[in-house]
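Okay, structure first, notes after.
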Amino acid sequence: MSRSPISRRSVLAAGSMTLFATPGLFAEELSVTPRLTEGPFYPDHLPLDQDNDLILIKDSTTAAVGEITHLTGKILTSAGSPVRNATIEIWQCDANAVYLHSRDSDKKKQQQDQHFQGFGKFETDSTGEYRFRTIKPVPYPGRPAPHIHIKIKQNDRDVLTTQLMIRGHEGNARDGVLRGTGEGVNRDLLMGDFKPVPDSKIGEYACSFNIVLGQTPDDRQIQQR
């Protein structure tokens, strides 16, 4: 895994790499993305740079270590409608298995990749689309399944916290968080295909992962009043 100088302007339009189908009428409701634990390492001190490019911090020309991944998708309702003005946050450990959290990074300063942003966010428009440039997730001690943490917010309210896994990764079968989801959870809805970008000279990947929101506990309480 090598560092290479990359133009920041060329990145924030990463969504052009993936074509999305326009949602129409669905014969059946879409399956809601399962909830998963937030985990212990949601950043306790958010970085100054919180944009959707986790590879470059501010105007640095030194890229983070790791396999660059263009993560794109849509946030949808179970009826298939795009969700507008939703904020999606992602966070993950760096390629050296260190999180942007004092409980993890304080004891691993020499190991931590100082060029990896570790956290980013994006607000959807009328299409419900989101896009990030980050690294392909790696396992870390205690979690053999590489994953990216995801949180969706609407009107400053948390509506979904989940995790995106790599489909087919051998660590999935041994991961305690995945095993703890129970038999009633469709784990396939947590999996994404990380595919090599054709003709990429630096070995980039692309992953398209749609997120389907269901009712929150607050929504159900409102309907019952």
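Below 16 Å, Cα to Cα, which aspartates and glutamates can residue 58 reach? Residues fewer than 8 away in the same chain don't count.
Filter leaves 49, 113.
Report in % the part of the accessible area of the range 67-225 that belongs to carbon and sulfur, leaving out ligands and nucleic acids; probe 1.4 Å.
Working: 3280 of 7440 Å².
Carbon and sulfur atoms account for 44 percent of the accessible area of the range 67-225.
Quick one: 3J(HN,Hα) in Hz for the range 186-198, Karplus 6.51/-1.76/1.60 with θ = phi - 60°, rounded, Gly and Pro as x.
Each residue's phi maps through the Karplus curve to give 7, 5, 4, 6, 9, 9, x, 8, 9, 10, x, 6, x Hz.
Would you please classify the overall shape of the range 77-197 from the alpha carbon gyration tensor, given that a ≥ b ≥ c denote the square roots of the eigenvalues, rounded means a/c under 1.5, and beyond that prolate means a/b larger than b/c while oblate covers the rest?
Details: a/c = 1.80, a/b = 1.25, b/c = 1.44.
Note, shape of the range 77-197 comes out oblate.
Non-local amide H neighbours of residue 160 (under 5 Å, H modeled in plane, Pro and chain starts lacking H): which ones?
Amide H to amide H, under 5 Å and 5 or more residues apart or across chains, residue 160 pairs with 152.
Starting at the first residue of the range 87-97, write each ³J(HN,Hα) from the Karplus equation 6.51 cos²θ - 1.76 cosθ + 1.60 with θ = phi - 60°, in whole Hz, x for Gly and Pro.
Karplus values, whole Hz, x for Gly and Pro: 9, 10, 10, 10, 8, 6, 6, 6, 5, 9, 6.
Provide 67, 123 ordered by accessible surface of protein heavy atoms (probe 1.4 Å), highest first. Mind dumping the intermediate values first?
On the way: 67 75, 123 110 Å².
Per-residue accessible area, sorted high to low, gives 123, 67.
Looking at this model, which pairs from 108/201; 151/195; 74/107; 109/136 are more than 25 angstrom apart at the alpha-carbon?
The answer is 108/201; 74/107.
The values are calculated or read from the model by the stated rules, or taken from the named source; none is laboratory data. What you are looking at is a predicted structure, and each value in this text was computed from that prediction instead of being measured. SASA here: full protein model, heavy atoms, side chains in, ligands and nucleic acids out. Shrake-Rupley method; radii C 1.70, N 1.55, O 1.52, S 1.80 Å.
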